[in-house]
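For reference, the structure discussed in these notes is given below.
Where a number appears in this text, it was derived from the coordinates with a stated rule and is not lab data. What you see is a predicted model, and the numbers here were worked out from it, not measured in a lab. Backbone-built Cβ (ideal geometry, glycine too); neighbour counts: all protein chains shown.
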Amino acid sequence: MATQESEDPVRMLVLETDSPHPDIRDEKGGYSDILNALFQDAGKEHDPPLEIETEMHYVVDDPEKGHHGHVPQVSDVDPSINAILITGSMYDAHGDDPWIQQLLQFLRDLWIERKDMKFSGVCFGHQILSRALGAKVEQEPNGRWELSHTEMDLTSVGQRLFQTKDKKLSLHQMHQDQVTIVPSASTTDLLTEDDNVENWASTEHTKIQGLYLRERLFTSQGHLSFDEDMVHLEIEMRVESGGIRDKEVAEKAKDTAHLRHDGLVVAGAILRFFHGDDRDIP
């Protein structure tokens, strides 16, 4: 009896740029563990099923705050790894911390030296990749947060990426900063006039919810892997730290954390991108 030929695994490097709430870490591990579990589920739903192999590297070097990671060199990245994903973080992607500057340089070097590498990022990861490509990242003008369950308006490119005719898609949000221009050849010499970076969704708060460049870039401002408990704890952590000052806004956001979201759908689309399924988009 003939057996279905297996697909080559997707080998993904996750760059962790923060640690989750201690209660979440105790239950689910770090962000790389949480994302790996989500992508494993997405791999099972892929046709045919895809195996995902995940490596993790913690990049935050801030000893005063208890972070003892380091940013790798391009030569440290195994040649068999063909995808990279950068996690969310409480740090500002527009900041000038030494490790953030090192991360920006690493991403630029990797973009140049590994033409086969596909780049993805979530929240901070979306913003830092955009900054590496010359886009501006800044705080929302009125200091407003976009929190918890959020409906986004899909562009035509977004509908193709997520294989849907629906005009809406929902993810959990946890940010105040935002990307305000789409990278292009006018923002960086890493892109050419032929590189057409697309925004795949928008909200009233943040017009650029995710970026896509065929065979190179697929980012998301929203969090694919957050669930209700994670949203509650992450909001509480930001209230306690003074990041979120309006407690009424925080409580209203927590009230929507139970609503269904499309994290697995987005993970599936990013996995197809990593695997090379979407070469005809856009």
Practice task
With the Cα gyration tensor of segment 138-236 in hand, convert its eigenvalues to equivalent ellipsoid semi-axes via √(5λ) and list them largest first in whole Å.
Solution key: 25, 17, 12
Problem - 3J(HN,Hα) from dihedral phi, segment 117-128, Karplus parametrisation 6.51/-1.76/1.60, rounded to Hz, x for glycine, proline - result: 7, 9, 10, 9, x, 10, 6, 3, x, 4, 6, 6
Problem - Cα lying deepest toward the dipole's positive end in the chain, options Pro183, Ala253, His172, charges on Cβ - result: Pro183
Practice task
Calculate the dipole size of the chain relative to its Cα centre from +1 charges on Lys and Arg beta carbons and -1 charges on Asp and Glu beta carbons; express the result in debye to the nearest 20.
Solution key: 680
Handout entry: Above-threshold pairs, the threshold being 27 Å between Cα atoms, out of Lys118/Lys254; Lys136/Lys252; Lys165/Lys207
Key = Lys118/Lys254; Lys136/Lys252
Handout entry: For His67, distant residues with modelled amide H under 5 Å away
Key = Asp62
Practice task
Evaluate the charge dipole of segment 205-282 about its Cα centre and quote only its size in Debye, nearest 20, assuming +1 on the Cβ of each Lys and Arg and -1 on the Cβ of each Asp and Glu.
Solution key: 380
Handout entry: Loop-resident sites, segment 151-239, for GluC sites (Glu not before Pro), counting at most 11 other Cβ within 10 Å (DSSP)
Key = Glu193, Glu204
Completion exercise
Rounded to the nearest 500, the 222 nm mean residue ellipticity computed for the chain from DSSP H runs (n ≥ 4, each -39500 (n - 2.57)) alone is -9500 deg cm²/dmol
Fill in the blank from the handout: Residue span Asp195 to Arg25: 0.36 nm per residue of separation minus Cα-Cα distance leaves a gain in nm of 57.3 nm
Fill in the blank from the handout: Taking the dipole of the chain about the Cα centre (Lys, Arg +1; Asp, Glu -1; charges at Cβ), the one of Trp200, Ser156, Val122 that reaches farthest to the positive side is Ser156
